[in-house]
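Engineer: The structure that follows is given in the form of structure tokens.
What follows is calculated from the coordinates using simple rules that are stated; it is not laboratory data. Just so you know, these numbers come straight off a predicted model, no measurement behind them. All Cβ positions, even for glycine, are placed from backbone atoms using ideal geometry, and neighbour counts span all protein chains on display.
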Amino acid sequence: MLQTISSDTEFKKILNQFMMNDPETKDFGVYFERMYANRATLWAYCYRKGLGVNCNMHLESMHKTIKYHYLNGCKIGRLDKSIMTIRRFTRDKKVERMIKLTKGKSTTRIQEIKKRHVTSISLNLKISKNDAKSWNVDSEHTPNSDHLKEAIKKIDALNAFIDATTKQSAPSKEFIKINNDPPNKK
């Protein structure tokens, strides 16, 4: 419960009292305060809410669903039973997805993606080709496109590295030159 509180003022208030009121949990409360309370910014949701949902949360949710919904809280030692459980889980997820698509309901995340897609289509981009390897794209918000030039330089370095490693020869002069140039050199 402590980890899921979204208000930092409420979290601080509850954190100070956590496990200290009950004599049976006071020892754990002292241990928790010593080991975890001073690093709450690393694990408490109220400090991570601006970061969005990370993949660990998705994995933990999936693991919890499989363990308690499909396995009734038991551990499985056999590989064949584990595979069958995962197959049932994926089958059910596919059915859920088909139902969502049929109903036409979309999540907030999908709505955001669609909104960004529509915005990107309506952008008035000015694209000009400089030479065989570079393009100039004028940004809508920043007229200077130095960040794009840096991205192109990194792509060129990556391509040179791939060429050098696939030929299994010494790195080319172009690769060495690209990687030894200072990043802000124009």
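Engineer: What FRET efficiency comes out for the pair D138/I110, r = Cβ-Cβ distance, R0 = 25 Å, nearest 0.05? The partial results should precede the final answer.
Structural biologist: Values: r = 30 Å, r/R0 = 1.20.
Calculated value: 0.25.
Engineer: In nm, to one decimal, how far is the L101 label point from the T25 one, both placed 7 Å along Cα→Cβ?
Structural biologist: Going from the L101 label point to the T25 one covers 4.5 nm.
Engineer: Taking the simple approach of a point 7 Å from Cα along Cα-to-Cβ for both E10 and K93, what is their distance in nm?
Structural biologist: Roughly 3.1 nm, to one decimal.
Engineer: State which entries of K94/K114; K67/K103; K75/K103; K26/K64; K93/K114; K67/K94 exceed 24 angstrom in Cα-Cα distance in the structure shown. Kindly include the intermediate steps, with their values, before the conclusion.
Structural biologist: Working: K94/K114 21 Å; K67/K103 29 Å; K75/K103 36 Å; K26/K64 29 Å; K93/K114 22 Å; K67/K94 19 Å.
Check vs 24 Å cut-off fails for K67/K103; K75/K103; K26/K64.
Engineer: Of all trypsin sites (Lys or Arg not before Pro) in the range 53-138, which ones are in loop regions per DSSP and have a Cβ with at most 13 other Cβ atoms within 10 Å? Please report the intermediate quantities before stating the final value.
Structural biologist: Details: sites: K64, K67, K75, R78, K81, R87, R88, R91, K93, K94, R97, K100, K103, K105, R109, K114, K115, R116, K126, K129, K133; in loops: K75, R78, K105, K133.
Here the sparse-neighbourhood loop sites are K75, R78, K105, K133.
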